[in-house]
Amino acid sequence: MKQQKLGFWVLTALVVGNMVGSGIFMLPRSLAEAASPAGVLLGWLLTGAGVLMIAIIFGNLAIRKPELNGGPQIYAKELFPKGSNASILSGFMSSWGYWIGNVAGNVAIITTFASYLSTFFPVLTSEHVVFSAGSLTLKLGNLLTFLVCTALLWVMHAIILQGAENAGKLNFVATATKVLGFFLFIVIGLFAFEKSYIQPFVAPRYDEAGHTLGLLPQINNVALSTLWAFIGIESAIVFASRARKQSDVKRATIVGLFIALAIYVGISVLVMGLLKQEVLMQSEKPLVDAIGTVLGPIGSQLLAGLGLISLIGSTLGWIFLSAEVPYQAAKQQLFIRAFLQENKNGMPRFSLIVSNMIAQLFIFSTISNSMAAAFDFVIYIATLSYLVPYVIASVYQLKLVWTGETYRTMQERMIDGTIAVLATVYSIWLVKAGTADMKTFLLGIALLASSLLFYPLVVKQQSEETNKQKQSA
């Protein structure tokens, strides 16, 4: 069975599509609240530079260690002696946490899709009661939202099973449409751009206690606000085993980052020039309000349509990625063997089914308050699982530089070592900022620790594999 391969542009589309989702529609307001125009631009520069270091690390590792596929979390096992319990446990725990976090995140994207769809079909927000029994009240809007979300999940499931190339091409079309749409809005907005709206360029902001924040604290606030804007930068490395060339993984990661950064900065500057600062900070729909100043009421319809296209691409990309993570981990003997099952197109059939069945359970959150609370809880505790793999990859790059493994010259080690140090510092800051309160951090640890329930299965598999190798020797 010949596995379908992904080219440079399809990999780039997966990176951009997974990074640029629905968050961009509310980001301009949170940035305006966090900083003055100067702080926003400098904050983006800082964040972009930090993520660029991580992107380079991902690209380097894809080329230097092509046998390690499945995402940055897979490098955890390489930080310990080969075959040791610490190596197996760390690889399994990090893959487990990253997988569960992604599955929960997929549901957030899918439910957001239904929210945008309600712009065209208001019945999705209908309060009409269709069923009531005891404390359970089922409203028409909630029922229809559940059906829409379920349909989107399983349609994406069916598309992915058709093969990596078909799924990749569809994602490419959705992402290209999204990128062109956003750049078109940026160009249109330039004709109505008011320089006076971004004045004063440097201005104070205030914290909750009323204390004045200078430029440096503002830049830090922007970096915190943009923390999640680049989640997905690892997409190409997750699919490295399906890439036509490993060099494409590095190029796609870096090019994807610059495309996403151009969209983020362009939209941020555009909105600041279309809405007065005080209006922007109060806006519930900043991007819609900004485009409305140029196109009028039709602007909200166009943006909702663009949002739907954006979310379709993101949904496809993240569902594909979520199934790929345990599948590739199982190939490294770091996950339950059943996840290795493929269909005739070389797609991770079992992994996809399990991932989407879990997602389906969380989709019940659209009609059940108790499930909604459970879903919010999983999203909350998954924060650490998203961010730790960035630290793992950066530290592993440092290890390679220190030992000299895969390197020929000292100059290469010096360059990559400098990048690795910067990436490590930035990724540790990401974890610290993303889990600022102790509760988030401890619950994140608990999610990783929950993998211990299934860890004995992985150990048993490792033992069986070792015995098999001894017998064949």
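The values are calculated or read from the model by the stated rules, or taken from the named source; none is laboratory data. Being a predicted model, the structure only gives us computed values, none of them experimental. Glycine also receives a Cβ, built like all others from the backbone with ideal geometry; neighbour counts cover every protein chain displayed.
In the range 152-164 there is no residue that is touching a residue at least 24 places away in the same chain (Cβ under 8 Å), assigned to a helix (DSSP H, G or I), in contact with a strand residue (DSSP E or B) (Cβ under 8 Å, 6 or more places away or on another chain) and surrounded by fewer than 20 Cβ atoms within 10 Å (Cβ to Cβ).
Scan the range 130-150 for residues that are of a type outside the set (Val, Ile, Thr) and under 22 Å from the mean Cα position of the chain (by Cα) and jot them down. Steps first, please.
Taking the range 130-150 first, the residues of a type outside the set (Val, Ile, Thr) are 131-136, 138-144, 146-147, 149.
Listed by number, the list holds a single entry, Cys149.
In the range 97-151, what count of residues is obtained for those that are within 21 Å of Leu311 (Cβ to Cβ), in contact (Cβ under 8 Å) with a residue 40 or more places away in the chain and among the small types (Gly, Ala, Ser)? Here the count works out to 5.
Would it be correct to say that Thr12 is at pLDDT 85 or above, within 23 Å of Ala174 (Cα to Cα), hydroxyl-bearing (Ser, Thr, Tyr) and assigned to a helix (DSSP H, G or I)? Yes, satisfied. In this structure, is Thr112 part of a loop (DSSP other than H, G, I, E, B) and surrounded by 15 or more Cβ atoms within 10 Å (Cβ to Cβ)? Considered against the rule, which asks whether it is part of a loop (DSSP other than H, G, I, E, B) and surrounded by 15 or more Cβ atoms within 10 Å (Cβ to Cβ), Thr112 comes out as no. Within the range 15-56, being more than 22 Å from Met281 (Cβ to Cβ) and either outside any helix (DSSP H, G or I) or of a type in the set (Phe, Trp, Tyr) (or both) holds for Val20, Gly21. Checked across the range 428-451, the condition of being crowded, with 18+ Cβ neighbours inside 10 Å, within 24 Å of Tyr98 (Cα to Cα) and either touching a Lys or Arg at 6+ places or on another chain (Cβ under 9 Å) or of a type in the set (Asp, Glu) (or both) holds for no residue. When Val202, Val187, Val173 are screened for being exposed (fewer than 15 other Cβ atoms within 10 Å of the Cβ) and outside any helix (DSSP H, G or I), only Val202 passes.
Whenever a residue of the range 66-89 is over 10 Å from Tyr396 (Cα atoms), its partners that are part of a loop (DSSP other than H, G, I, E, B) and among the hydrophobic types (A, V, I, L, M, F, W, C), lying with C-beta atoms within less than 6 angstrom and at least six residues away or across chains, give the pairs Ile74/Leu68; Ala86/Phe80; Ser87/Phe80.
In the range 177-188, the residues that are of a type in the set (A, V, I, L, M) form Cβ pairs under 6 Å with partners that are surrounded by 14 or more Cβ atoms within 10 Å (Cβ to Cβ), at six or more places apart or across chains, as follows: Ile186/Gly266; Ile186/Leu270; Ile188/Val294.
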